[in-house]
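Okay, structure first, notes after.
The values are calculated or read from the model by the stated rules, or taken from the named source; none is laboratory data. The model shown is predicted, which means the values in this text are computed figures rather than measured ones. In this analysis, Cβ positions are derived from the backbone assuming ideal geometry, glycine residues included, and neighbour counts consider all displayed protein chains. Each accessible area value is taken on the protein alone, full model and side chains, heavy atoms only, with ligands, DNA and RNA left out. Shrake-Rupley method; radii C 1.70, N 1.55, O 1.52, S 1.80 Å.
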Amino acid sequence: MTLSIEDTRRSDREAALADLEDESIHVLREVVATFDRPVLLFSGGKDSIVMLRLAEKAFWPGRIPFPVMHVDTGHNFPEVIEFRDRRVAELDVPLVVASVQESIDTGRVVETPGKARNPLQTVTLLDAIAEHRFTAVLGGARRDEEKARAKERIFSVRDEFGRWDPRNQRPELWDLYNGRHRPGEHVRVFPLSNWTELDVWGYIRREAIAVPDIYFAHRREVVARDGMLVAVTPFTPVRDGERARVETVRYRTVGDTTCTGAVASTAATVDEVVDEVAASTLTERGATRADDRTSEAAMEDRKREGYF
């Protein structure tokens, strides 16, 4: 039987997804074998949802052997927080919530009125790592998202101050990873490094993974701001000179409400989202994340300080 070109392409995509899954599961098992106190960053966004599914498969039939942590700005989309809590309860995984609001209340960081809280997450994250003595922090960052993330190794050492030095990274040959670190240091681990946004959605389709509804087309009140469609919320009210309107939109990535824009879209199913992402010429962060637009090196500067 001769396969059609489309059947061959589909078979190739399925094989590529299987290889990515195998690599990520291998990384997750290496982390548990190497580190005594790992944690998985889980926001309720699509990448962390896929990470949690991979962890579920990696250690089945046992329970996921580490907690999950959300660095919570307090300015989140309610649908995402509801999903986060429901998913964690389903898997019976311990949830650590590191609160930016608590960091503000205790004077660890200072909030600038009218500005996003995203930059404040760094201190909150590093404080939580120190408090819980986490030695490995699993994140859902991918190399295709942004230039600074493309520089990351899968195992990325942070010094005793949580800082990242892109010039001082360890070689990673084949599937051999070096998790050694000095007391006070920790390692960020990125099992999805070699995935793309399209891979993530392909895996969500293959595994029939639930994601928050805001990833699909819906009607929402928005304003056009800085080249993005920003939701009208208590944290992002309409400014003078702006006009709110109701649009059919969806979210490609989910940060908090103050830094994440929506995109005009009619993609209401996973298949439609896959088709839309396949045709896109912009990464999701480039299209919808205000915190990456402050400068060409915005992400790298934050990562050097200890950001995700």
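Between residue 19 and residue 224, what is the label-to-label distance in nm when each label sits 7 Å out along the Cα-to-Cβ direction? So the two model labels end up 4.3 nm from each other. The modelled label-to-label distance between residue 206 and residue 269, using points 7 Å beyond Cα along the C-beta direction, is 2.0 nm. Our estimate of slack between residue 36 and residue 59, defined as 0.36 nm per intervening residue step minus the Cα-Cα distance, is 6.7 nm.
Residue separation of residue 239 and residue 131 scaled by 0.36 nm, minus their Cα-Cα distance, works out to 35.0 nm of gained length.
Summary of packing: across the peptides 203-210, 62-69, the per-residue average of other C-beta atoms within 10 Å ranks them, highest first, as 62-69, 203-210. Its DSSP H runs of at least 4 residues, each contributing -39,500 (n - 2.57), put the calculated 222 nm mean residue ellipticity of the chain at -11000 deg cm²/dmol, to the nearest 500.
Restricting the calculation to alpha carbons of segment 111-182 gives Rg and Dmax of 14.3, 48 angstrom. Couplings 3J(HN,Hα) of segment 65-79, computed from phi: x, 8, x, 10, 9, 10, 8, 9, 6, x, 10, 8, 6, x, 4 Hz, in residue order, whole Hz [Karplus 6.51 cos²θ - 1.76 cosθ + 1.60, θ = phi - 60°; x for Gly and Pro]. Is the shape of segment 77-161 best called rounded, prolate or oblate, per the rule: a/c under 1.5 gives rounded, else a/b larger than b/c gives prolate, else oblate, with a ≥ b ≥ c the square roots of the Cα gyration tensor eigenvalues? Taking the square roots of the gyration eigenvalues as a ≥ b ≥ c, segment 77-161 is rounded. GNM on the chain, alpha-carbon springs under 10 angstrom: the most fluctuating residue among 284, 160, 197 is 160.
Relative to the 2.2 N^0.38 Å rule of thumb, segment 152-240 has a C-alpha radius of gyration ratio of 1.65.
The residues of segment 88-129 expose on average 52 square angstrom of accessible surface per residue, using a 1.4 Å probe on protein heavy atoms.
Here the scattering of segment 195-266 is modelled by Debye summation over its C-alpha atoms, one equal scatterer each and no solvent; at q = 0.13, 0.20, 0.21 Å⁻¹ the log10 of I(q)/I(0) is -0.42, -0.85, -0.91.
P(r) for the chain, from all Cα pairs and a bin width of 10 Å, is 6, 26, 36, 24, 7, 1, 0 %, short bins first. Principal axis extents of the C-alpha atoms in segment 30-127 (largest first, rounded to whole Å): 47, 31, 18. Multiplying the residue separation of residue 182 and residue 278 by 0.36 nm and subtracting their alpha-carbon distance yields 30.3 nm.
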